[in-house]
Amino acid sequence: MNNNKTKKTILDIKNLRKTFGNNVILENINFNLLEGESLAIIGASGSGKSVLLKNIIGLLDPDTGSIKINSTEMVNLPRKDKENLLLQLGITFQHGALFDSLRIWENIIFKIQNQQKISKVKGRKLALSIIERLSLKPEILDLFPSEISGGMQKRVAIARAICGNPKILLFDEPTSGLDPVTGSVIDKLIISSVKTIGASAITITHDMASVSRIADKVILIDNKTVSWSGTPKEMMTSNNLKIKEFIKTTNPKLFA
C-alpha cells in the first residue's frame, strides 16, 4: 500500500526486554513503524502482545531497550515529557473500555477535554464531527455506552482514539467478539480513519481476514520475540512453520 522508501520512521523499538520477576515475557523485540503504515501484530494468547502494547503506551516500562516515538526516546523520559509524547497516540482497547458514567460525546472527547477544558457546546460539536466520519448517527451522542450495541461501542472507541488527530493509532483486538460482517465494517473504519488523519496504525489481532484487509506489514510474536515479519501476502504463502501453525490454529476455515 505504501512506498516505504520515502516514509519516515515514526515508532522504533530496539532490543526491548520485559520481565515480571523471573518470568521473561519479551526478549530482544525489534521492529519499526513507518509514517502512514499499518502494522498487524499476531501471536498466540499469552505470547506477550498486550504486554508489548502496554510498553508502547507507557503503562509498563521495559527492563531494557529503546522505544522512540518520532525520534524521541520514551524510556526513562521524565513523567511530564512522557505524557506529552504519548499525546501523539490514540488507543482502543479490546473491549472498548468506554467510561460507563460518561455519555458518548464525553467519552469521545475525553483526552481533549483533559488537555484543553473545552466547553460542552464545542465538545459536542467536535464529537459530532468525528462520529459523522464513522457513519454513526448524531442521536447516540447523549446516550451512555450501555445503551448502544457492542459493534457501535467499538466504533465509538475508534472515534475516541482518532479525536485530536494522533500520529499513531493502536487497536487491541478491534474485531474480537464481532460477527464477520461487523468485523469487516470495523476494518474499513480503521483504514479510513488512518487515511483521514494521516496516522500510522498498530493492530493486535488473531483475525487473519482482518490482517489481509488492514495491514501493510505483519509481525509474529512467538517464544518471547519477533519470530517472523513480512507482508500479508507473504504470510499466507510462507513456509515458516510458526506462521502456518498460527494461521491453521486461529483460522481453520482457511484450510478447509
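Here are some notes:
- Cα Rg, Dmax (largest Cα-Cα span) when computed across the chain, Å: 18.2, 56
- Tail beyond 12 Å, pair distance distribution of the range 135-180 (Cα, percent): 66 percent
- Fully extending the segment from residue 6 to residue 73, taken as 0.36 nm per residue of separation minus the present Cα-Cα distance, adds 21.9 nm.
- What the chain shows is 50 Å² of accessible area per residue, with the surface traced by a 1.4 Å probe over protein heavy atoms.
- Note on residue 125 and residue 223: their simple-model spin labels are 5.8 nm apart, each label 7 Å out from Cα toward Cβ.
- Taking 7 Å steps out from each Cα toward its Cβ at residue 60 and residue 115 produces label points 2.7 nm apart.
- Apportionment of accessible area to carbon and sulfur, the chain, percent (1.4 Å): 51 percent
- Computed from label points 7 Å out along Cα-Cβ, the spacing between residue 209 and residue 101 is 3.9 nm.
- Against the chain, whose longest principal axis comes from its Cα atoms, helix 241-250 is set at around 40 degrees.
- Residue-span extension gain [residue 242 to residue 32] - 0.36 nm each, minus C-alpha spacing: 73.5 nm
- Each principal axis of the Cα atoms in the range 7-116 has its own extent, and those three values, largest first, are 42, 31, 28 angstrom.
- Per-peptide average of other Cβ atoms within 10 Å, ordering 124-132, 40-48 highest first: 40-48, 124-132
- Acute angle (nearest 10 degrees) that the helix 180-197 long axis makes with the longest principal axis of the chain, alpha-carbon atoms: 80 degrees
The values are calculated or read from the model by the stated rules, or taken from the named source; none is laboratory data. Keep in mind that what you see is a predicted model, and the values were worked out from it rather than measured. We place every Cβ from the backbone using ideal geometry, glycine too, and count neighbours over all the protein chains shown. Each accessible area value is taken on the protein alone, full model and side chains, heavy atoms only, with ligands, DNA and RNA left out. Shrake-Rupley method; radii C 1.70, N 1.55, O 1.52, S 1.80 Å.
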